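Quick notes on the structure that follows.
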Amino acid sequence: MNYLVKIAAVASVSVIVGAAAQAQECQVSTTDPFDLTGSDIADIYDCIGDKMVEGYSKAGDMVAKNYRNWTVTGTRHGVAGAHGNRLLLTYANDIAVEQYLKFAEDGVVMPVGARLAKESIKINKKKNAAVVGPLFLMTKLEAGASPETADWLYGGLQPNGKPMQFKQAFCHDCHVNWEDQDFMAYPLEELRVGN
Ligand code: HEC
């Protein structure tokens, strides 16, 4: 192999490696989450959907393994602004689902054992790619278990399956805006299942 052919061979290997890395990366056409169309979001989800559950489940968490079998409450991921401009989609467990899907605005009381799991996708501007964000969780505890959070337990798993560390107040101080809805904010109106 002469010198030039060798260079060409090396160059084409790096092109292939680059393409493979890109294929894994879930490239996006725009890095502003608010500019993504429904079809952009469908493409992103096709690329990243399986990786999300794989990541969340890495430490063996049972909710991570199961939440996709719960009821999905949105027609697709939405960008609400809160939760770091991520693309968000919420699942409700069997105990939560009937009440949650009413998207009621007054006098809501969720039953004990209700669980909501909200998966998230982050647009990484440097990588020009969609990456897995945390799985956010809310669990309704027994009456009196946590008066300062209206008996909600906030939790989260990082994309590698490890628990997120934060103070309960960090989440609740914002969710308190939806007190009449038992502190649930619900998906964007146009993306609610059944709307
Ligand atoms: C700045 C405000 C804000 C903060 C802080 C916040 N949230 Fe939320 N949260 C929202 C909004 C708005 C929604 C609904 C948006 C959507 O899902 O499209 C939401 C939805 C949720 C949901 C789905 C159930 C529902 O409310 O409809 C869960 C679960 C959740 N948040 C968990 C958390 C956890 C855990 C934290 C803390 C780590 C947290 N949130 C911090 C604003 C906030």
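The values are calculated or read from the model by the stated rules, or taken from the named source; none is laboratory data. Only a predicted model underlies this, so the values are computations on that prediction, with no experimental measurement involved. Cβ placement follows ideal geometry from the backbone for every residue including glycine, while neighbour counts extend to all protein chains displayed. Accessible surface is based on the protein model in full, side chains and every heavy atom, while ligands, DNA and RNA are left aside. Shrake-Rupley method; radii C 1.70, N 1.55, O 1.52, S 1.80 Å.
What translational D, rounded to a whole number of µm²/s, comes out for the chain from Stokes-Einstein when the hydrodynamic radius is the Kirkwood one over Cα pairs, at 25 °C and 0.890 mPa s? D, rounded to a whole number, is 134 µm²/s.
For the stretch 31-104, the relative contact order works out to 27 percent when only alpha carbon pairs closer than 8 Å and six or more residues apart are counted. Using just its DSSP H runs of length 4 or more, each adding -39500 (n - 2.57), the chain gives a mean residue ellipticity at 222 nm of -10000 deg cm²/dmol after division by all residues.
Sorting Lys65, Lys167 by solvent-accessible area of protein heavy atoms yields Lys167, Lys65, largest first, with a 1.4 Å probe. Sorting Asp151, Asp180 on solvent-accessible area from highest to lowest, probe radius 1.4 Å, gives Asp180, Asp151. Calculated accessible area for the stretch 87-191 comes out at 51 Å² per residue, all protein chains present (probe 1.4 Å; ligands, DNA, RNA ignored). Remark: the chain carries a charge dipole of roughly 1080 debye about the Cα centre, counting +1 on each Lys and Arg Cβ and -1 on each Asp and Glu Cβ.
Taking every alpha-carbon pair under 8 Å whose residues sit at least 6 apart, the stretch 26-191 reaches a relative contact order of 23 percent. Can you tell me the 0 to 90 degree angle between the C-alpha axis of helix 38-56 and the longest principal axis of the chain, rounded to 10? Relative to the chain, helix 38-56 is tipped by roughly 80 degrees.
Charge tally for Gly74 (other residues, Cβ to Cβ under 14 Å; Lys, Arg +1; Asp, Glu -1): +2. For the stretch 152-195, the residues whose amide N sits under 14 Å from a probe point set 7 Å from the Cα of Ser146 along the beta carbon direction are 152-157, 164-176, 183-184. Left without a cysteine partner by the 4.7 Å Cβ rule in the chain: Cys171, Cys174. Split the accessible area of the chain by element, probe 1.4 Å, and carbon with sulfur accounts for 55%. For the stretch 88-98, backbone phi angles converted through the Karplus equation (6.51, -1.76, 1.60; θ = phi - 60°) give residue-by-residue couplings of 10, 8, 9, 10, 10, 6, 4, 6, 8, 4, 4 Hz, Gly and Pro being listed as x.
Over the stretch 111-156, the hull volume per residue, using the convex hull of the C-alpha atoms, is 66 Å³.
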